[in-house]
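**Student:** Take a look at the following structure, please.
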Amino acid sequence: MLRFLKRNPILLEGQLATTKIRPLHSCNSYYSTQQNDATARDISNILLHANWETLMDSSDLPKKLNPDVIQSVLYQNQVGDPKRLLNFLYWSEHKVGIQPNLNILSTVALTLCNSRLYHHASAVIERMIRNCVPPPVILSSLASCYLDCNEYKPSLYVFNVLIDAYRKLGFLDEAAGIFLGPKEVEFSPNLKTINFLLRDLLKAEKLGLFWKVCDAMRDVNFLFDIYGYTNMINAHCMVGNVQEAKSVFFEMGEKGCVPNSVTYNVIIRGLCKEKFVDEAVEMKNAMFEKGLIPNAYTYTTLIHGFCAALRTEAARMVLKEMSDMGLKPNIISYYALLHGFVKQGDIKGAFRIRGEMVSGGIPADLIVYNMLLTGVCKSAMKDKVMMDKVQELMDEMNGAGIVPDTRTFTVLIEGFCRERNTTSTLKLLEEIKRNNMEPTLITYGLIINQICDTEDLNQATAFLEEMMANNLKPEVINYCHFLTAYAREGRFQESKMILKVMQERGIEPDVACYNSLITVLCEAKKMEEARGCLVELLERGLEPDAYTYGSLISGYCMAGALHIADRYFSEMLGRGLVPTDASYKALVDGYCRQGNIAAAFSTFRCMLARGVLQDIQMYGVLIHGLLRNGRKKVAFGIFSELLVKCLAPGVSIYTSLTSNTRKEEDVEKAMQLHGERCMKGVDPKIGTYNNPRTAMCEQKVHPVKKYLILLAARFHFSRTNQEFLTMSQSFKGNKRKECPT
């Protein structure tokens, strides 16, 4: 509320100097002379006539006007024509130049509200607000005028108008403060005022104030209507509190307030946002039970929800249901579905949806083409195929008269950068410029990253300077590309210079920036330089993360300095950071390589005790490390411990163990592992079967028959399964024939 005081203190000082809140019943004390008395009576008589302006202009009364006379006239005519009083106020201001004070404006506003002229009253109150009068002063003035009305019972509605005036002007804190703060006159806003205020507080994301207003209304036993309840459901959904939203939803039903389609759509959107799509579908079905018909917005929201959960086929079924309901899907519905297929990487499905959309009479627009181009560029297509598909789409756009925008070119540039096609990338940049478009920060960032990867740092620097010349301020990530590129070339001094340049340009390096540099230094076994970067990072007040320590641990393990790696590992745990799989794996691998099984087990037990990673992850890393370093017997022992704990091994653990059972005495063990895996419901891949099969073939042993039986069981004796038939044929015939691998 104090911003009114700060905005124009000089104007406020002048306003308050002429504004004194005085009770209306003592207005006789305002008359300093009998002349003021007579003047007020004469003006009141003239105001009874329709041609009062002419009569006033032809008299000498305008010369006798002053604020006290005007206040008296308003007081004497409160039960008269309020519009005429308002016109008299404007007339006195423009003809005579008398600026109405706060008392006069409050009296007029109250008089207008008594006659239900709320629009005119709002204009008067907005004038008071624009005069930079603090909210408590305006509220106090209106309250004084309200309390001093002896001739009639005034309307409390003026306080609704005051709250609404602040809301319309965008002063939401002040609007809520009028109701929540201390008051000389007790009042509660009506439904309309509260609903509009709650709606705007939601739009402005002022959720704290929103709930204060709701709680205050509950304290006075205010009965919310459907709009109030819907706003509260929306507020919970905005922050992901879908359970609370559902509670409010059921509460409104218990209070006899029947939800409408808007209410259902709000809670369906909230559920979809939090990935509770199946519950959202149940809500949609409940609408039918209540006699409500889901609309296009309902179905489009569900399509968005299923696509976000990567359940695109379910999203397609929603689209079909929408059509079956007689609702024609609009382009927004197709946007959602296309985005889902592209996000899932199903580019063929995306093109199929585009075909259905066009067949339904909805032409593809720029947004559709941009999504399709995004899908093509992110797909696993080879460069030539991708280029052909991109050209096909661009030709279609050209034929339809659709002009590519910056987003189109940025998508294409991203695709060509992924394919490391620098030539095509630079051609697209030139085309952007030829079309009088401005390359964005993202566009330049992609190009700089691509060129840094090709190690043409001079050209990358030229693009950085061009970007700055176009008034685009580089971000930390742009400089990270240079840091990494210089470090990869062994030009560590230049990398350090980049950090200095960043500081000079007001860009503070972040942890990710240092991580890029530390990672490259560790890969190059420049451990002293990497440690120096960590020291500098700490000196800047930055906090290293798990990736910082992970790079250092991996680097020292590769350098054989396991005691230092272990120290950093302990330091990382001491900071409460969760180690990455890579850092844990590097340490265990390092100890196994040195033959220091005791240290590997110590690290393993420490991690188990701390519970920072899932148990199955830690067992897997240790088993893989032991097997990689020839410690097969110990690995099988750890595997037994894992089974005793009733942990379910994944495919990778079984595959590693079976891959290491190549001797005759290990074949039966491999078969046993396979049986355990099937019993535990683990779905092995076909490649896993190949390993014990190869072992059996190499040893020319009888268990081949056993393996075929297991394999047949795996495929449910399916003679149509191509993988089963292929593998059966490979064992068929001469058992001495070499098995295919």
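The values are calculated or read from the model by the stated rules, or taken from the named source; none is laboratory data. Since this is a predicted model, take the numbers as computed values, not measurements. No Cβ is skipped: glycine too gets one built from the backbone with ideal geometry, and neighbour counts run over all protein chains shown.
**Student:** Within the range 249-262, which residues are in contact with a Phe, Trp or Tyr (Cβ under 7 Å, 6 or more places away or on another chain) and either surrounded by 22 or more Cβ atoms within 10 Å (Cβ to Cβ) or within 12 Å of Ala286 (Cβ to Cβ) (or both)?
**Tutor:** Pro259
**Student:** Determine if the range 470-491 includes at least one residue that is farther than 27 Å from Glu536 by Cα and either over 33 Å from the mean Cα position of the chain (by Cα) or surrounded by 15 or more Cβ atoms within 10 Å (Cβ to Cβ) (or both).
**Tutor:** For the range 470-491, residues farther than 27 Å from Glu536 by Cα and either over 33 Å from the mean Cα position of the chain (by Cα) or surrounded by 15 or more Cβ atoms within 10 Å (Cβ to Cβ) (or both): present.
**Student:** Residues that are in contact with an Asp or Glu (Cβ under 8 Å, 6 or more places away or on another chain), of a type outside the set (Ser, Thr, Tyr) and touching a residue at least 12 places away in the same chain (Cβ under 8 Å): does the range 266-277 have at least one?
**Tutor:** yes
**Student:** Report yes if Asp581 is in contact (Cβ under 8 Å) with a residue 40 or more places away in the chain, of a type in the set (D, E, K, R) and buried (at least 20 other Cβ atoms within 10 Å of the Cβ), otherwise no.
**Tutor:** no
**Student:** Got at least one residue in the range 339-357 being surrounded by fewer than 17 Cβ atoms within 10 Å (Cβ to Cβ), under 26 Å from the mean Cα position of the chain (by Cα) and under 30 Å from Ile451 (Cβ atoms)?
**Tutor:** The answer is yes; a qualifying residue exists.
**Student:** Give the number of residues within the range 186-217 that are among the small types (Gly, Ala, Ser) and touching a helix residue (DSSP H, G or I) at 6+ places or on another chain (Cβ under 7 Å).
**Tutor:** So the answer is 2.
**Student:** Which one of these is closer than 23 Å to Thr580 by Cβ and either buried (at least 17 other Cβ atoms within 10 Å of the Cβ) or polar (S, T, N, Q) (or both): Leu457, Leu499, Leu464, Leu517?
**Tutor:** Being closer than 23 Å to Thr580 by Cβ and either buried (at least 17 other Cβ atoms within 10 Å of the Cβ) or polar (S, T, N, Q) (or both) holds for just one of Leu457, Leu499, Leu464, Leu517, which is Leu517.
**Student:** Take the conditions in contact with a Ser or Thr (Cβ under 7 Å, 6 or more places away or on another chain) and aromatic (Phe, Trp, Tyr) and apply them to Phe341. Does it pass?
**Tutor:** In short, yes.
**Student:** Can you spot a residue in the range 185-196 that is at pLDDT 90 or above and in a loop (DSSP other than H, G, I, E, B)?
**Tutor:** Scanning the range 185-196 turns up no residue that is at pLDDT 90 or above and in a loop (DSSP other than H, G, I, E, B).
**Student:** Continuing with the same structure: Filter the range 485-507 down to residues that are in a loop (DSSP other than H, G, I, E, B) and touching a Leu at 6+ places or on another chain (Cβ under 9 Å) and give me whichever is farthest from Ile448 (Cα to Cα).
**Tutor:** Arg491
**Student:** Within the group Thr300, Thr312, Thr374, which residue is more than 30 Å from Leu446 (Cβ to Cβ) and under 24 Å from the mean Cα position of the chain (by Cα)?
**Tutor:** Thr300
**Student:** Please work out if Gly401 is among the small types (Gly, Ala, Ser), in a loop (DSSP other than H, G, I, E, B) and more than 30 Å from Gly305 (Cα to Cα).
**Tutor:** Against the criterion (among the small types (Gly, Ala, Ser), in a loop (DSSP other than H, G, I, E, B) and more than 30 Å from Gly305 (Cα to Cα)), Gly401 qualifies.
**Student:** Name the residue that is farthest from Gly550 (Cα to Cα), counting only residues in the range 589-609 that are surrounded by 23 or more Cβ atoms within 10 Å (Cβ to Cβ) and modelled with pLDDT of 80 or more.
**Tutor:** Here the residue is Tyr591.
**Student:** Still on this structure: Please work out if Gly240 is surrounded by fewer than 14 Cβ atoms within 10 Å (Cβ to Cβ), in contact with an Asp or Glu (Cβ under 8 Å, 6 or more places away or on another chain) and either modelled with pLDDT of 95 or more or of a type outside the set (S, T, N, Q) (or both).
**Tutor:** In short, yes.
**Student:** So if I check each of Ala314, Ala309, which one is at pLDDT below 95 and touching a Lys or Arg at 6+ places or on another chain (Cβ under 6 Å)?
**Tutor:** Ala309
**Student:** Right, something else. Please go through the range 470-484 and give me each residue that is assigned to a loop (DSSP other than H, G, I, E, B) and under 17 Å from Lys500 (Cβ atoms), ordered by number.
**Tutor:** Within the range 470-484, Pro474 is the sole residue that qualifies.
Here is a yes/no grid of residues against (1) out of contact with any helix residue (DSSP H, G or I) (no Cβ under 8 Å at 6 or more places or on another chain); (2) under 22 Å from Ala216 (Cα atoms); (3) in a helix (DSSP H, G or I):
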position	(1), (2), (3)
Cys132	no, no, no
Leu139	no, yes, yes
Ser144	no, no, yes
Ala165	no, yes, yes
Gly170	yes, yes, no
Ala176	no, yes, yes
